[in-house]
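**Student:** Here you go, one structure.
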């Protein structure tokens, strides 16, 4: 396992060698389960490097492993999240000028930026402020339905500000 490039980090993706993608029958843009000491889920993009996976530090933490350790991957089809409860210490809107322009609330801003990302309860969700390089980290505390879900247009988000991440 290798460290994902800075430009790909905090986007909810992993990169996997095309040989591995072909072997397990998935295409770029599909979702995979990443299993280390715990399971997490991410959207997969291809790379020309063989038999490797690239992840950012958030995905590594979510899988319960360290860089250099082995993980197993398998295809999955997560359901669309109806509801997410998310805990955070810090608000994303304090690190961007976008909320007043594109979102009426912190929850709408999170949904806008995180749309299409796969999560499961217990995962960390991180991204840079859209107009800054500051990384804001959230913790997924509850999902409906249970299991791996993808954040969609109609996902209701309840934000618990001040929660430990």
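**Student:** For the stretch 2-76, evaluate the Debye formula with one uniform point scatterer on each Cα (no solvent term) and list log10 I(q)/I(0) at q = 0.23 Å⁻¹, rounded to two decimals.
**Tutor:** -1.03
**Student:** Right, another one. Evaluate the distance, in nm, between pseudo-label points positioned 7 Å from the Cα of residue 133 and of residue 112 along their respective Cα→Cβ axes.
**Tutor:** 2.4 nm
**Student:** Just order 54-64, 21-31 by mean Cβ neighbour count inside 10 Å, highest at the front, would you?
**Tutor:** Those peptides, ordered most packed to least, come out 54-64, 21-31.
**Student:** Want the number for residue 79 to residue 7: 0.36 nm per residue separation, take away the alpha-carbon distance, what's left?
**Tutor:** Stretched fully, the residue 79-residue 7 segment lengthens by 23.2 nm.
**Student:** Given R₀ = 41 Å, FRET efficiency for residue 48-residue 104 by Cβ-Cβ distance, to 0.05?
**Tutor:** Efficiency, rounded to the nearest 0.05: 0.45.
We did not get these values from a lab; they are worked out from the coordinates using the rules stated. Since the structure is predicted, the reported quantities are computational estimates derived from the model, not experimental observations. Methodologically, a virtual Cβ is constructed for each residue, glycine included, from the backbone with ideal geometry; neighbour enumeration extends over all protein chains shown.
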